[in-house]
Amino acid sequence: MRIAGEWIGAGHVQAVLAMLEAGGHQALIVGGCVRNALLAQPVADVDIATDAVPERVMDLARAAGLKPVPTGVEHGTVTVVAEGVGHEVTTFRRDVETFGRHAVVAFSTHVEDDAARRDFTMNALYARADGTVIDPLGEGIADLKARRVRFVGRPEDRIREDYLRILRFFRFTAWYGDPAEGPEAEALAAIAKHGDGLDALSRERVGHEIRRLLAAPDPAPAVAAMRATGVLAHVLPGADDRALAPLVHLEENLAPDPIRRLAALGGDDPAGRLKLSRAETRRLAVLRDAVGSSAGLGELAYRHHADVAQDAALLRAALAGLPLPGDWAEQVAKGARAELPVRAADLMPAYQGAALGEKLKEIEARWIASGFALSREQLLA
């Protein structure tokens, strides 16, 4: 089996692989790029694994006219820059001792050792420079074809090594799993048993995983499994996923939006627990307020933006278990175009200061209630 694509034949990728092979070492593309290539999905970063130790990698890079950057030498990683593109080159490793997100590792010359310490079988796939795929564990290709997200070895062992893998399991299930088959029962049992380990993870790392999970085309089945195993209550206390599947259905051709979907989940302080950015926090607050307000869709579009009103329409329908109003798009468009025809100058000098502001609010409220239909003359009469 071979993988192909412009990315693997790119000069900068081949230069790094050739550098290692010319030095007498193994040079294997590994992980997500191999997985995605086999799934005919876009490939982003290209990671490389080798039996060369970091110091040897740096020496070979310099000799080949490439730039080595010791970004994680203590963990076996050197970033080799070729044609202005950085490639993480990591020495094969085997775990000596693991505890939480930290591990004592030793370098290895065997790719099997490196594959055995990875999280999921579909991520333990490697490829040579010519695209030939290597499956050291003998399970990765079959699991990938079956869209089966499976831990390498015993799920409990992998989870105890790094509790973030619990969230990665659900993210990978959302993106690569087979919805008809559902998550593996053994993995779910191990996750339910060790869910408390999530409490020690940083909010940044949890938020990163949850946002990526919610960006999947349909994260609802994976989030339902999170609820069933108690994981959702750990990372988002008070969250309720019942509106998520209806929301995904209503979104139709809209691009997946993690913040919109997070608004459907609710929960206690999701912005703080997931360490959202300021912009994400503001948007989530606006959506939650909009959904809970009595304002119509036209008013929401007028006061905020068409996107806010659109998302409010979707969320209100999903939370209520109802279809979208037939004229929702018309309401949003009308509100987005609306512009109050009365200005402060029209009320002066009869009104000044606070009285002027109050009068403008009164006029605006009557205008909105009319469906933006009252004219300037009618509002001033």
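The values are calculated or read from the model by the stated rules, or taken from the named source; none is laboratory data. These figures come from a predicted structure and were not determined experimentally. A quick note on method: Cβ atoms are made from the backbone with ideal geometry, for glycine too, and the neighbour counts reach across all protein chains shown.
Brief remarks on what is shown
- Just one of the listed residues (K361, K275) is surrounded by fewer than 18 Cβ atoms within 10 Å (Cβ to Cβ), under 30 Å from P237 (Cβ atoms) and either hydroxyl-bearing (S, T, Y) or modelled with pLDDT of 95 or more (or both), namely K275.
- L380 over 21 Å from H249 (Cβ atoms) and buried (at least 18 other Cβ atoms within 10 Å of the Cβ): no
- Number of the exception - A200 against (1) small (G, A, S); (2) without any contact (Cβ under 8 Å) to a residue 40 or more places away in the chain; (3) within 21 Å of D269 (Cβ to Cβ): (2)
- Counting only strands (runs of 3 or more DSSP E) that sit wholly inside the stretch 71-128, those with at least 1 residues that are at pLDDT below 95, within 21 Å of R154 (Cα to Cα) and more than 25 Å from the chain's Cα centre (by Cα) are 93-99, 102-107.
- Of all the listed residues (A224, A255, A329, A233), the sole one being surrounded by fewer than 22 Cβ atoms within 10 Å (Cβ to Cβ), without any contact (Cβ under 8 Å) to a residue 40 or more places away in the chain, among the hydrophobic types (A, V, I, L, M, F, W, C) and in contact with a strand residue (DSSP E or B) (Cβ under 8 Å, 6 or more places away or on another chain) is A233.
- Matching option when the condition is surrounded by 12 or more Cβ atoms within 10 Å (Cβ to Cβ), more than 40 Å from the chain's Cα centre (by Cα) and not polar (S, T, N, Q), among D311, D346, D307: D346
- Among residues of the stretch 11-38 being assigned to a loop (DSSP other than H, G, I, E, B) and modelled with pLDDT of 95 or more, the one that is surrounded by the fewest Cβ atoms within 10 Å (Cβ to Cβ) is G24.
- Taking the stretch 240-345 and the helices (runs of 4 or more DSSP H) fully enclosed by it, the elements with 1 or more residues that are within 30 Å of A228 (Cβ to Cβ) and in contact with a Phe, Trp or Tyr (Cβ under 9 Å, 6 or more places away or on another chain) are at 306-320.
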